[in-house]
Amino acid sequence: MGGRDTDLVLLDENGIRCDGRKIDEPRRIMIKAGVLKNADGSAYIEFGDNKILAGVFGPRDVHPKHIADTDTGILRCRYHMSPFSVTERKSPAPSRREIEISKVLKEALQPAVMLEQFPRTVVDVFLEVLQADGGSRCAALDAASVALADAGIPMRDMVSSIAAGKVADTIILDVNNEEDQAGQADMPVGYMPNLEKITLVQLDGILTQDEYKKCLETAIGGCKLVYEIQKKALTDKFFSNGESA
Ligand code: ADP
């Protein structure tokens, strides 16, 4: 994404990236489940400098009624960036980018959620980006998946997500904002770790076939790391304060 020419050193001679990470090192990831009292399920994620809240409501009655499906439940997803989430004020109205990401996230979550158990209902997933720093769709997907599990909605698997990409002709894990802007490729991936199925792949940039393969493998490896953190967020909730709530 963005310009390719920059004075920024994306990868130095020791293989260290612009934010001090190694090529296969993710940013710090922290997830907390069950943070919103009024939601059926919720999660808060800090993924590097991304800060995102996920709230899940449902399964509940569908409005407007004519969009209800008598055979299955439906999933709705809204990804929204708060006006203060980026350096320049962002209009609170949904942008084309937010509409696209909402659709992409819905499609990435759908294979994991057993919607067929809840015909005529809807599950709503709201994602509120408080602070964005590259890779916010992946972080949003991670939080959404934990929030769905927190809501007790039957799932085939978690969806774990992280991006891989290419900077200075090198495949890297977890692309930050500067790497996204000045790098050569950004590939967000969503993955169900137990079913070993991919639910999201996007690619911004150009890769050879070998690079594509390596990028996908790197991202899947990263998704497995994220999965452990998602599981911990849920066990922390249900085996500490969650049981007495
Ligand atoms: P993702 O956040 O999933 O990587 P993009 O590649 O579209 O999605 O965006 C990369 C980053 O660009 C975002 O995480 C955010 O930091 C920044 N960004 C997105 N939209 C805006 C905006 N309207 N104003 C300023 N920065 C933005």
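Quick one: which helices (runs of 4 or more DSSP H) sit completely within the range 84-183 and have at least 1 residues that are in contact with a helix residue (DSSP H, G or I) (Cβ under 7 Å, 6 or more places away or on another chain) and within 21 Å of P26 (Cβ to Cβ)? Walk me through how you get there before you give the answer.
Working: elements: 96-109, 136-150, 177-182.
Per the criteria, 96-109, 136-150.
Would the range 30-38 turn up any residue that is surrounded by fewer than 11 Cβ atoms within 10 Å (Cβ to Cβ) and of a type in the set (K, R)?
Yes.
Tell me which residues, restricted to the range 52-80, are out of contact with any Phe, Trp or Tyr (no Cβ under 8 Å at 6 or more places or on another chain) and either surrounded by fewer than 10 Cβ atoms within 10 Å (Cβ to Cβ) or of a type in the set (K, R) (or both).
R60, H63, P64, K65, H66, T70, D71, R76
Taking the criterion of being at negative phi, among the charged types (D, E, K, R), surrounded by fewer than 24 Cβ atoms within 10 Å (Cβ to Cβ) and without any contact (Cβ under 8 Å) to a residue 40 or more places away in the chain, would at least one residue in the range 191-199 satisfy it? So that I can check it myself, show each step before the final result.
Let us first name the residues in the range 191-199 that are at negative phi, namely 191-195, 197-199.
Still in the running and among the charged types (D, E, K, R): 197.
Within this subset, residues satisfying the condition of being surrounded by fewer than 24 Cβ atoms within 10 Å (Cβ to Cβ) are 197.
Those still in the list that are without any contact (Cβ under 8 Å) to a residue 40 or more places away in the chain too: none.
Scanning the range 191-199, I find no residue that is at negative phi, among the charged types (D, E, K, R), surrounded by fewer than 24 Cβ atoms within 10 Å (Cβ to Cβ) and without any contact (Cβ under 8 Å) to a residue 40 or more places away in the chain, so the answer is no.
So which pairs qualify, if the first residue must be in the range 101-119 and more than 21 Å from D150 (Cβ to Cβ), the second must be within 16 Å of the ligand (Cβ to nearest atom), the Cβ gap must be under 6 Å, and the two must be at least 6 apart or on different chains?
Listed pairs, sorted by first residue: I101/Y79; I101/R137.
When you scan the range 213-220, do you find a residue that is at pLDDT 95 or above and in contact with a helix residue (DSSP H, G or I) (Cβ under 6 Å, 6 or more places away or on another chain), even just one?
No, there is no match, as no residue in the range 213-220 is at pLDDT 95 or above and in contact with a helix residue (DSSP H, G or I) (Cβ under 6 Å, 6 or more places away or on another chain).
Only residues in the range 124-145 that are farther than 19 Å from V86 by Cα and modelled with pLDDT of 95 or more count as the first member; pair them with residues that are near the ligand (Cβ under 8 Å from one of its atoms) and of a type in the set (V, I, T), Cβ under 8 angstrom, at least 6 apart or cross-chain, and list the lot.
Taking only residues 6 or more apart or on different chains, not a single pair turns up.
Of all residues in the range 81-111, count the ones that are over 14 Å from the mean Cα position of the chain (by Cα), of a type in the set (A, V, I, L, M) and more than 8 Å from the ligand (Cβ to nearest atom).
The total comes to 2.
Take the residues in the range 167-199 that are polar (S, T, N, Q) and touching a Phe, Trp or Tyr at 6+ places or on another chain (Cβ under 9 Å), then tell me which one is nearest to C215 (Cα to Cα).
Going through the qualifying residues, I end up with T199.
Identify, by number, the condition in (1) within 14 Å of the ligand (Cβ to nearest atom); (2) surrounded by 24 or more Cβ atoms within 10 Å (Cβ to Cβ); (3) among the small types (G, A, S) that S160 doesn't meet.
(1)
How many residues are away from the ligand (no atom under 16 Å from the Cβ) and either within 13 Å of L200 (Cβ to Cβ) or among the basic types (K, R) (or both) when one looks only at the range 112-147?
Number satisfying all stated conditions: 2.
The values are calculated or read from the model by the stated rules, or taken from the named source; none is laboratory data. Being a predicted model, the structure only gives us computed values, none of them experimental. Cβ: placed from backbone, ideal geometry, glycine included. Neighbour counts: every protein chain shown.
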